[in-house]
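Let me begin by presenting the structure, written as structure tokens, before commenting on it.
The values are calculated or read from the model by the stated rules, or taken from the named source; none is laboratory data. Please read all numbers here as calculations on a predicted model, not as lab measurements. Counting neighbours? That spans all protein chains shown, and the Cβs are built from the backbone with ideal geometry, glycine included. To get the accessible areas, we keep the full protein, side chains included, count just its heavy atoms, and leave off ligands, DNA and RNA. Shrake-Rupley method; radii C 1.70, N 1.55, O 1.52, S 1.80 Å.
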Amino acid sequence: MEALKASGVCRRYGNQEVLKDFSLTVQEGGFEALMGPSGSGKSTFLHLAAGLLSADAGEILVGGRDVVKMGDTEATKFRRRHVGVVFQSFNLLNEKTVRDNIVLPLRLDGAKVDESRLASLVSALGIDGILHKKPEELSGGEQQRVAIARALLAEPDVVLADEPTGNLDAKASRAICALLGDLHKSEKSAILVVTHDPQVAAAAQKVHFLKDGRIAASHETQGDPELVSKLYLETYRG
């Protein structure tokens, strides 16, 4: 079954059509990457799939429900329960502890925190020793691990990661890539990561290249950043 299925999606900004009849499917438990040049619409699609933006046409099914048809209030509730979002800028609240940041979506939804699930997840992410700290006390890599824990805690249908290593140094980026690969094997959620970095894309099973508002090509990554770079150049050459 598909965790995420987009069909015929269109999105315009003024006279510019960023996404044109865009279609993409991510299977349950899949780990896939979406690549494209700056301004190609990668992040726009993630925001559409998360219900943070509205599409002009098409459908985006998450767990079988069409996000496009939802109003703002319904989309917000749906996102808390079924979509985990990881932003490049972490989006953590500095006045709250790490633990409070992780459980915040569940608290806002009035849901009970599964303490066993929380303990297992923060242990796997290597942040169990910093739950009492504030985000401003953490490194960029630690903050991104907290953001990933927050996205995964409710076991959403899909995790959408928007340039998750964009604000990290090379060492922290490699660690997050390895971590996403490990989490994919142990977690139920499908993962779709938007990136311009072949190293990040290679952590996924498959990469999709976005060109002229549509998916131009899709390939297995074979875990090889050099292969991803080669395929990227072939797709966008000329």
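Filtered by the rule that a residue be of a type in the set (S, T, Y) and surrounded by fewer than 17 Cβ atoms within 10 Å (Cβ to Cβ), segment 42-81 gives S54, T73, T76.
Candidates are the residues of segment 114-163 that are part of a helix (DSSP H, G or I) and of a type in the set (D, E); the one that is surrounded by the most Cβ atoms within 10 Å (Cβ to Cβ) is E142.
Just checking, does segment 177-191 include any residue being in contact with a Phe, Trp or Tyr (Cβ under 6 Å, 6 or more places away or on another chain) and either under 18 Å from D162 (Cβ atoms) or open to solvent by less than 10 Å² (accessible area, probe 1.4 Å) (or both)? Yes; the residues of segment 177-191 include at least one that is in contact with a Phe, Trp or Tyr (Cβ under 6 Å, 6 or more places away or on another chain) and either under 18 Å from D162 (Cβ atoms) or open to solvent by less than 10 Å² (accessible area, probe 1.4 Å) (or both).
One residue stands out among those in segment 61-73 that are assigned to a helix (DSSP H, G or I) and either modelled with pLDDT of 95 or more or in contact with a strand residue (DSSP E or B) (Cβ under 8 Å, 6 or more places away or on another chain) (or both): the one that is farthest from L231 (Cα to Cα), which is K69.
Name the single residue that is least open to solvent (accessible area, probe 1.4 Å) among those in segment 201-238 being of a type in the set (V, I, T), under 23 Å from E2 (Cβ atoms) and touching a Ser or Thr at 6+ places or on another chain (Cβ under 9 Å). So, considering only residues that are of a type in the set (V, I, T), under 23 Å from E2 (Cβ atoms) and touching a Ser or Thr at 6+ places or on another chain (Cβ under 9 Å), the one least open to solvent (accessible area, probe 1.4 Å) is V207. Being touching a strand residue (DSSP E or B) at 6+ places or on another chain (Cβ under 6 Å), of a type in the set (F, W, Y), under 26 Å from Q199 (Cβ atoms) and at pLDDT 95 or above is a condition met by no residue of segment 82-94. Condition check for E155 on (1) within 23 Å of G63 (Cα to Cα); (2) in contact (Cβ under 8 Å) with a residue 40 or more places away in the chain: one failure, at (2). Screening segment 26-60 for residues that are among the acidic types (D, E) and not in a loop (DSSP other than H, G, I, E, B) and picking the one that is nearest to the chain's Cα centre (by Cα) gives E32. Among the residues making up segment 90-108, those that are surrounded by fewer than 18 Cβ atoms within 10 Å (Cβ to Cβ) and either out of contact with any helix residue (DSSP H, G or I) (no Cβ under 9 Å at 6 or more places or on another chain) or in contact (Cβ under 8 Å) with a residue 24 or more places away in the chain (or both) are N91, L93, N94, E95, K96, T97, L104, L108. Considering each residue of segment 8-22 in turn, none proves to be assigned to a loop (DSSP other than H, G, I, E, B), surrounded by fewer than 23 Cβ atoms within 10 Å (Cβ to Cβ) and within 19 Å of the chain's Cα centre (by Cα).
The conditions of being open to solvent by 30 Å² or more (accessible area, probe 1.4 Å), under 22 Å from R81 (Cβ atoms) and in a loop (DSSP other than H, G, I, E, B) are met by A111.
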